[in-house]
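What follows is one structure encoded as structure tokens, with my remarks underneath.
What follows draws every value from the coordinates through simple rules; no lab data is involved. As the structure is a prediction and not an experimental result, all values here were calculated from the model. As a convention, Cβ positions derive from the backbone with ideal geometry for all residues, glycine included, and neighbour counts pool all protein chains shown.
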Amino acid sequence: MTTAIVWQAAAHLLAYPDERFWRRLPLIREAAEPHFASFLASAADLGPGELAAHYVETFDLQRRCCLYLTYYAHGDTRRRGAALAALKVRYRTAGWELMDDELPDFLPVMLEFAALDPSGMALLREHRAGLELLRTALTERDSPYRHVVGTICAALPPITGAERARAARLAAAGPPAESVGVYG
């Protein structure tokens with residue numbers, strides 16, 4: 001199985017579990033079940049309502065479980081805006097246009113890009129520290145999504161010491177914050 005299939009399947013599994021999500025699950029099972037069997041079993045056990053509630057509780061309400069990967073390194077600062085703009089340029093240079101409602105650092109978007117473009121693996125590697133922080137947070141919460149992010153991390157080349165150290169620094173410090181226009 002190619003990593004492109006893993007990236008595409010993971011992109012789908014990390015999207016909000018709406019009707020389209022459930023309609024596509026048979027395709028995911030057929031193409032990539034060995035990689036995602038634990039998540040697929042958990043999703044089936046939870047069912048549509050509980051999985052949707054878990055998704056919102058996990059990804060929308062927990063800062064440590066952010067699917068927007070530049071958030072880990074840049075928080076909600078101007079530097080994150082620059083990182084998002086650079087990602088858009090990178091996608092556009094590769095002939096890829098985002099839909100208006102998509103942010104370029106949304107992990108499912110990055111995974112779809114990686115599935116379709118050879119430079120996508122490098123993009124995921126650049127955000128390895130954020131992926132590791134996300135994997136750790138999901139594991140601590142015992143979220144079924146830990147299996148999906150774990151599979152993504154396992155499909156990447158082994159984490160380097162520098163990437164591990166960066167993840168540890170980001171975990172210790174948390175996302176940067178910026179006080180624009182606030183005077184003490």
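How about segment 1-107: which chymotrypsin sites (Phe, Trp or Tyr not before Pro) there lie in a loop by DSSP and see at most 12 other Cβ atoms within 10 Å?
Of the chymotrypsin sites (Phe, Trp or Tyr not before Pro), not one in the loops of segment 1-107 has a Cβ with at most 12 other Cβ atoms within 10 Å.
So for 121, 110, fewest C-beta neighbours within 10 Å to most, what's the order?
The most exposed by this proxy come first: 121, 110.
In which sequence would 117, 18 go, from the one with the fewest C-beta neighbours within 10 Å to the one with the most?
Ascending Cβ contact count within 10 Å gives the list 18, 117.
Under a crude label model (7 Å from the Cα following the beta-carbon direction), how far is residue 23 from residue 97 in nanometres?
2.4
Evaluate E = 1/(1 + (r/R0)^6) for residue 63 and residue 126, where r is the Cβ-Cβ distance and R0 equals 22 Å; express this FRET efficiency to the nearest 0.05.
0.55
If you put +1 on each Lys and Arg Cβ and -1 on each Asp and Glu Cβ, how big is the dipole of the chain around its Cα centre, in Debye rounded to 20? Before the final figure, lay out the partial values.
Numbers: 20 positive and 22 negative charges, 142 e Å.
Around 680 debye, computed over the chain.
Suppose a student asked you for the relative contact order of segment 3-173, using Cα pairs under 8 Å spaced at least 6 residues apart; what percent would you report?
Details: 162 pairs, mean separation 52.1, N = 171.
It rounds to 30 percent for segment 3-173.
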